[in-house]
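Written out below as structure tokens is the structure these notes cover.
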Amino acid sequence: MGQEMYRERELPDALASAVVPGEVRDIAARLEEAGGQAWIVGGAVRDSILGRQVRDWDLATDLLPETIRSLFPRTVAVGAQFGTIVVVGQDDEYEVTTFRRDLGYSDGRHPDTVEYSTRPEDDLARRDFTVNALAWNPDARSLLDPHGGLADLDARRLRTVGTPHERFAEDALRILRAVRLSVQLDFEIERDTLRAVVRLAPTLTRVSRERVAAEMERILGTERAGAGLELLHETGLLSRILPELVSCYGVAQNPHHAYDVFYHTLAAVDGAAPEDRLVRWAALFHDVGKPETRVLGEHTATFYSHQIRSEQHARRALSRLRFSNEDRGDVAHLVRQHMFHYTSDWSDGAVRRFLRTVGPDQVRALYRLRAADTRGNGKRTRVAPELDELAERIEQVLASDAALSVKDLAISGHDLMDRFGRPPGKWIGSILHALLEDVLEDPSRNEPSALLARAEELLGLPQS
Ligand code: ATP
Ligand code: MG
């Protein structure tokens, strides 16, 4: 079976008119001048046909990694044993991979051995889904489609190359990629492929947590994140990734909510913008403490202090997913603070104290979270007008440069030590925090002589 077999006379219209970046064409030309083949492969072919923005341009060739390296001025070998060379261009980086055949996957994660090949068909056969197993040469205007990927693209259908069960057993990450790609592309997962996803869901535990987290990020970053989470639940994958969310399933709420806690959470995630990454994660966790804090009344349920439990779950889950301390802290903080109850009669001091507690860096994210939460109640209520009022008042405080932390006070701990001739100690922090409380109430008090006089009073010293 030569590659001629798969050569299409006519490219699909989308490919015939697709714009391939100049650098990609240059790399392909270079490979061919050196006597090699050059095929664009993977997501770039798929997304070009779909008319979607291409994320990364990958090429495959029969040339060996050493040869590829010798052809380009700037390269990085990533996993050279797997034959991938990153060509560093002016605009971007491009992966150039030697055709390969994967031989045996005894651990369900990595091939035991890989063998270089001179046939692109071998390389396409090891790829996960038919729509990812296309190879395209724009100059020769040819497309290799040995697995029916074009037809599946047309039907918007995700199907493994070869037997689903075998392909997922080789590499369990593909199970999660199936869900991610179906959500990202808005494709249906073909029946046998979906069956294998469900059957092999328990093997997801073989996949490293970093890779699971990366796929979860991709799912949360799509327009259809809620549908993605629902699919993860229905396929039995979610309990292996976020069991705390699964426990929200079927937990009924009070009449303000159209949904149970699980579906409310999915709607709240969708209620934040896809690129609002940490707010989406916070929406995902904001109510996971509800199942264990629920108290049933006659007509309603209450969930007192659920945000505290939710925060604890968020921290644990995000550690498991290997989040950075900073991101984990930010998400946990948003979850912890999401239950504020603003009313128009808040004093300016109350607004400043709220801002002090939430932090100026996080406050905008917090009301984006609240807006997402409100959108997620499924009752089509307007996103609370009082939230806009709070946002406006907060912007005023931020613009006024009012002190919000002890660092913003007009005097420092050194000033206190100098003034009162006392050694460093806990007293400094206590005084500064007490002064801040005063200043939050009345910003005009943030002035050195007034602060020192008040400190003197607080220290119980006789007024001079
Ligand atoms: P996107 O870049 O939009 O995330 P993609 O399909 O390009 O989608 P990549 O992770 O960039 O995804 O992988 C590039 C290609 O490599 C895929 O299209 C697929 O052909 C192949 N591939 C990636 N991961 C696997 C895997 N675990 N098993 C088999 N083939 C894979
Ligand atoms: Mg890609």
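The values are calculated or read from the model by the stated rules, or taken from the named source; none is laboratory data. Everything quoted here is computed from the prediction, not taken from an experiment. With ideal geometry, Cβ positions are generated from the backbone for all residues, glycine too; neighbour counts draw on all protein chains shown. Keep in mind that these areas ignore ligands, DNA and RNA; they rest on the heavy atoms of the full protein, side chains included. Shrake-Rupley method; radii C 1.70, N 1.55, O 1.52, S 1.80 Å.
Label point 7 Å out from E234 along Cα-to-Cβ: which residues of the range 172-213 have amide N under 11 Å?
188-189
Name the residue from L59, A28, T130 whose Cα lies farthest towards the positive end of the charge dipole of the chain, charges +1 on Cβ of Lys and Arg and -1 on Cβ of Asp and Glu.
Sorting the options by dipole projection puts first T130.
Using a basic spin-label model with each label point 7 Å from the Cα along Cα→Cβ, how many nm lie between R101 and N254?
Simple spin-label model gives 6.6 nm for this pair.
Please list, in order along the range 107-116, the HN-Hα scalar couplings obtained from phi with the Karplus expression 6.51 cos²θ - 1.76 cosθ + 1.60 (θ = phi - 60°), rounded to whole Hz, x for Gly and Pro.
9, x, 9, 10, x, 5, 9, 10, 10, 5
Ignoring everything but the protein chains, give the 1.4 Å probe accessible area of R240 in square angstrom, nearest 10.
Its heavy atoms expose roughly 100 Å² to the probe.
Nearest 20 debye, what's the magnitude of the dipole of the range 156-241 about its Cα centre given +1 on Lys and Arg Cβ and -1 on Asp and Glu Cβ?
Details: 16 positive and 13 negative charges, 32 e Å.
Around 160 debye, computed over the range 156-241.
Straight-line reach only, C-alpha to C-alpha below 27 angstrom: list the lysines that K290 could link to, leaving out same-chain residues fewer than 8 apart.
Within reach: K379.
Using only the C-alpha atoms of the chain, find the volume of their convex hull and express it per residue in Å³.
Residue-normalised Cα hull volume stands at 213 Å³.
How large is ³J(HN,Hα) for each residue in the range 260-265, as worked out from phi by the Karplus curve 6.51 cos²θ - 1.76 cosθ + 1.60 (θ = phi - 60°), to whole Hz, x for Gly and Pro?
Ordered by residue, 3J(HN,Hα) equals 6, 5, 5, 5, 4, 4 Hz.
Just to be sure I understand the curve: with the Debye formula and one point per C-alpha of the range 339-464, what is log10 I(q)/I(0) at q = 0.15 Å⁻¹?
Calculated log10 I(q)/I(0) at the listed q: -0.74.
Just to confirm, what accessible area per residue do you get for the chain at 1.4 Å probe, in whole Å²?
48 Å²
Assign unit charges at the C-beta atoms only (+1 for Lys and Arg, -1 for Asp and Glu), then state the dipole size of the chain relative to its Cα centre in Debye, rounded to the nearest 20. Working shown, then result.
Numbers: 60 positive and 74 negative charges, 263 e Å.
That gives a dipole near 1260 debye.
Taking the Cα centre of the range 247-402 as origin, work out the dipole magnitude from +1 charges on Lys and Arg Cβ and -1 charges on Asp and Glu Cβ, in debye rounded to 20.
Roughly 520 debye for the range 247-402.
What is the range 156-241 by shape, rounded, prolate or oblate, if you read a ≥ b ≥ c off the alpha carbon gyration tensor as root eigenvalues and call it rounded for a/c under 1.5, prolate for a/b larger than b/c, and oblate otherwise?
It comes out oblate by the Cα gyration axes.
Take the alpha-carbon centre of the range 90-111, take the same for the range 238-253, and report the distance between them in whole Å.
So the separation of the two Cα centres works out to 35 Å.
Would you mind giving the three semi-axes, in whole Å and largest first, of the ellipsoid equivalent to the range 242-319 according to its Cα gyration tensor?
Square roots of five times the eigenvalues give 21, 15, 10 Å.
Tell me, in nm to one decimal, what length is gained between R364 and R52 on full extension, where the rule is 0.36 nm per residue of separation less the Cα-Cα distance?
Here the answer is 109.2 nm.
Under a point spin-label approximation (7 Å from Cα along Cα-to-Cβ), what is the E32-E93 distance to one decimal in nm?
2.7 nm
Taking θ as phi - 60°, what are the ³J(HN,Hα) couplings along the range 244-259 by the Karplus curve (6.51, -1.76, 1.60), each to the nearest whole Hz, with x for Gly and Pro?
Those phi angles translate into 5, 6, 4, 5, 7, 5, x, 7, 6, 10, 8, x, 5, 10, 7, 10 Hz.
What FRET efficiency, computed as 1/(1 + (r/R0)^6) with R0 = 35 Å and r the Cβ-Cβ distance, is obtained for D401 and T343, rounded to the nearest 0.05?
It comes out at approximately 0.85.
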